[in-house]
Amino acid sequence: EVMSIRQMVAKMASAHGIDHKRVFVTGLSAGGAMTAAMLATYPDIFRGGGVIAGLPYGAARDVHRALAAMKSAPERSGQEWGDLVRAASPVTDNFPTVSIWHGTKDHTVSLNNADALVQQWLDVHGLDSGAYAQNEVDGHLHRVWKDASGKVAVELYLIESMGHGTPLKPRPSSRVKADTP
């Protein structure tokens with residue numbers, strides 16, 4: 001599947017003259033796991049990606065293991081997670097930026113998958129897990145790890161009280177009531 005998506009991206013970029021430095025990938029749940037897979041197998045194709053309630057690359061190779069990983073990420077060290085990414089492609093540096101989003105009340109994909117994703121991509125980028133800046137965005141935890149040049153390499157958003165889904169901040173309703181006679 002990753003090759004098929006890679007080919008679609010290449011076709012669109014070629015057909016529309018899209019700068020490869022402006023190609024990003026994102027997905028929710030199984031799409032989040034696919035996003036992690038795309039970033040791992042084709043890190044030279046994507047500038048960055050957003051994994052929303054997904055699994056780290058290499059967490060599962062079949063449906064049975066994917067369902068188990070959704071309940072709890074497999075126990076691996078950051079280096080073991082990183083080694084899975086490094087083995088997935090010949091790229092050795094300039095890995096894409098990874099943005100990880102997860103609801104704190106997600107009962108479909110365990111929150112420890114977000115931690116495994118963070119550990120995986122920190123290891124890939126060669127960053128210390130404790131060297132982050134932290135703030136709140138609309139009451140939600142946001143951590144950022146930057147590379148030596150100061151560029152964001154990995155970031156994590158934990159969306160407080162959100163279940164399994166895409167985090168959206170709806171705008172206040174701008175609908176105007178129709179006059180009724």
For the stretch 20-120, please list each of the helices (runs of 4 or more DSSP H) lying entirely inside it that holds at least 2 residues being closer than 25 Å to Ile159 by Cα and over 12 Å from the mean Cα position of the chain (by Cα). 63-71, 78-86
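Taking Ser4, is it open to solvent by 20 Å² or more (accessible area, probe 1.4 Å), at positive phi and either over 18 Å from the mean Cα position of the chain (by Cα) or touching a residue at least 60 places away in the same chain (Cβ under 8 Å) (or both)?
Spelling it out, it is not the case that Ser4 is open to solvent by 20 Å² or more (accessible area, probe 1.4 Å), at positive phi and either over 18 Å from the mean Cα position of the chain (by Cα) or touching a residue at least 60 places away in the same chain (Cβ under 8 Å) (or both).
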Note on Ala73: of the conditions (1) open to solvent by less than 50 Å² (accessible area, probe 1.4 Å); (2) out of contact with any Pro (no Cβ under 7 Å at 6 or more places or on another chain), unmet is (2)
Condition met for His102 (surrounded by 14 or more Cβ atoms within 10 Å (Cβ to Cβ) and out of contact with any Lys or Arg (no Cβ under 9 Å at 6 or more places or on another chain)): yes
So, in the stretch 7-30, how many residues would count as being open to solvent by less than 100 Å² (accessible area, probe 1.4 Å) and closer than 10 Å to Ile45 by Cβ? 5
For the stretch 152-176 the number of residues that are surrounded by fewer than 10 Cβ atoms within 10 Å (Cβ to Cβ) and in contact with a Ser or Thr (Cβ under 9 Å, 6 or more places away or on another chain) is 1
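Could you tell me whether Ser89 is in contact (Cβ under 8 Å) with a residue 24 or more places away in the chain, of a type in the set (Gly, Ala, Ser), open to solvent by 30 Å² or more (accessible area, probe 1.4 Å) and over 15 Å from Thr108 (Cβ atoms)?
No: the conditions fail for Ser89.
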Mind listing just one residue for me: the one in the stretch 123-151 that is over 15 Å from Trp101 (Cα atoms) and touching a helix residue (DSSP H, G or I) at 6+ places or on another chain (Cβ under 8 Å) and, of those, most open to solvent (accessible area, probe 1.4 Å)? Asp128
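Considering only residues that are of a type outside the set (Val, Ile, Thr) and either over 19 Å from Gln7 (Cβ atoms) or buried (at least 20 other Cβ atoms within 10 Å of the Cβ) (or both), which ones fall in the stretch 35-48?
Ala36, Ala37, Met38, Leu39, Ala40, Tyr42, Pro43, Phe46, Gly48
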Of everything in the stretch 138-164, what is closer than 20 Å to Ala53 by Cβ, touching a strand residue (DSSP E or B) at 6+ places or on another chain (Cβ under 6 Å) and not in a strand (DSSP E or B)? Give them in sequence order. Glu160, Met162, Gly163
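The values are calculated or read from the model by the stated rules, or taken from the named source; none is laboratory data. Bear in mind that the values here come from a model prediction, so they are computed numbers and not experimental data. Cβ atoms come from the backbone with ideal geometry, glycine included; neighbour counts cover every protein chain shown. For the accessible areas, the whole protein counts, side chains as well, though only heavy atoms, and no ligand, DNA or RNA atoms are used. Shrake-Rupley method; radii C 1.70, N 1.55, O 1.52, S 1.80 Å.
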